[in-house]
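Asker: Here you go, one structure.
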Amino acid sequence: MLGTKGRMTQVFDEKGVVSAATVVTAGPLTVTQVKTQEKDGYEAVQVGFGTKKESRVNKAQTNKPFKALREFRLEPGTSNLESGSAIDVSVFVPGDIVEVSATSKGKGFQGVVKRHGFRGGPRSHGQKNKERAPGSIGGGGRAGGRVVKGMRMAGRMGGERITVKNLKVLQVDVATSTLVISGAIPGHPGTLVEIRG
């Protein structure tokens, strides 16, 4: 399922236990193409989500003016979908365990303390302007006088595809096409998210 991330909220269960949750406006999806083992060599379904202005659709996609197109692999022999059919949030029921993928918030250029969780230097004994410094990055003894590949340093942070697993579907509202999913989901409100059961 594809959707857009909304606000966060709290949900109380029948025992009165509160859970942090995220509201996701999901679907409806339109099946744009069904790929088969005989024709394409694998089984998958391509779905479209949302709408796009006609002026922003190129000629190759005039028959698919969707905001997002995604392809999901299927197990052989499990597909009963046809091109043009619709998929809505009714495929989920409360209690389902899902994993959600989205692009995380971009945080710009960050230092090693925020980006990698470094502890930083001591806060005493005359330290000056070095509390959040990365420390040594190599040298003669460690790597022959060079900086090894993969060294954790300051740099651009965020804006990566993140997948969060073992989230529970708490509520399903078919009338408004919304899902309430336990926990936090990557990205800012409005981010495109993929939900897989």
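Asker: Please report S177, S124, S90 as a ranked list, fewest other C-beta atoms within 10 angstrom at the top and most at the bottom.
Answerer: Listed from fewest to most nearby Cβ atoms, that is S124, S90, S177.
Asker: What percent do you get for the relative contact order of the chain when only Cα pairs under 8 Å and 6+ apart count?
Answerer: After rounding, I find 31 percent.
Asker: Separate question: Please go through the stretch 53-156 and write out the GluC sites (Glu not before Pro) that DSSP classes as loop and that have at most 12 other C-beta atoms within 10 Å.
Answerer: E82, E131
Asker: Using alpha carbons only, how many angstrom separate the centre of the stretch 117-192 from the centre of the stretch 29-98?
Answerer: So the separation of the two Cα centres works out to 32 Å.
Asker: Here is a follow-up. Would you kindly state how much longer the chain becomes between D13 and V93 on full extension, computed as 0.36 nm times their sequence separation minus their alpha carbon distance, in nm to one decimal?
Answerer: 27.3 nm
Asker: Which value does Rg/Rh take for the chain over its C-alpha atoms, Rh per Kirkwood?
Answerer: 1.12
Asker: Next up: Which three extents, in whole angstrom, do the alpha-carbon atoms of the stretch 89-182 cover along their principal axes, largest first?
Answerer: Over the stretch 89-182, Cα extents along the principal axes are 63, 32, 22 Å.
Asker: Which one, Q110, Q46, Q33, has the greatest fluctuation when you compute a Gaussian network model over the chain with C-alpha springs under 10 angstrom?
Answerer: Of Q110, Q46, Q33, the most mobile in the Gaussian network model is Q110.
Asker: Please state the charge dipole magnitude for the stretch 108-152, taken about the Cα centre, from unit charges on C-beta atoms (+1 on K and R, -1 on D and E), reported in debye and rounded to the nearest 20.
Answerer: 80
Asker: Right, next: For a quick check of your reading of the filter: which trypsin sites (Lys or Arg not before Pro) in the stretch 1-81 sit in a DSSP loop and have no more than 13 other Cβ atoms within 10 Å?
Answerer: K15, K53
Asker: Nearest 20 debye, what's the magnitude of the dipole of the chain about its Cα centre given +1 on Lys and Arg Cβ and -1 on Asp and Glu Cβ?
Answerer: Computed charge dipole of the chain: roughly 1820 debye.
Asker: For the chain, modelled as a Gaussian network with Cα springs under 10 Å, which listed residue fluctuates most, G187, G140, G41?
Answerer: In the Gaussian network model the winner is G140.
Asker: Under 5 Å between amide hydrogens, which residues at least 5 positions from F118 or on another chain qualify, with H placed 1.01 Å from N in the peptide plane?
Answerer: Amide H neighbours of F118, under 5 Å, 5+ apart: V113.
Asker: Provide, as a two-decimal number, the C-alpha radius of gyration of the stretch 1-74 over 2.2 N^0.38 Å, N being how many residues it has.
Answerer: 1.57
Asker: Tell me what the chain gives for mean residue ellipticity at 222 nm when only DSSP H runs of n ≥ 4 count, each as -39,500 (n - 2.57), the sum divided by the residue total, rounded to 500 deg cm²/dmol.
Answerer: That comes out to -1000 deg cm²/dmol.
Asker: Here's another thing I want to ask about it. How far is it, in nm, from the label point at M153 to the one at R56 when both lie 7 Å from their Cα along the line to the Cβ?
Answerer: It is 3.7 nm.
Asker: Quick one: Karplus J couplings for the stretch 21-35, per residue in order, coefficients 6.51, -1.76, 1.60, θ = phi - 60°, nearest Hz, x for Gly and Pro?
Answerer: 8, 10, 8, 10, 8, 10, x, x, 9, 10, 6, 9, 7, 10, 9
Asker: Restricting to DSSP loop positions (anything but H, G, I, E, B) with no more than 16 other Cβ atoms inside 10 Å of their own Cβ, which trypsin sites (Lys or Arg not before Pro) remain in the stretch 107-197?
Answerer: Those satisfying the criteria are R119, R123, K128, K130, R132, K149, R152.
Asker: For the chain, modelled as a GNM with alpha-carbon contacts under 10 angstrom, which of G120, G158, G150 fluctuates the most?
Answerer: G150
Asker: Hey, another quick one. Over all directions, average the projected area of the Cα convex hull of the stretch 107-158 and note it in nm².
Answerer: In nm², the orientation-averaged hull projection of the stretch 107-158 is 4.6.
Where a number appears in this text, it was derived from the coordinates with a stated rule and is not lab data. All figures in this text were calculated on a predicted structure; none of them were measured in a lab. Neighbour counts run over all protein chains shown; Cβ positions are idealised from the backbone, glycine included.
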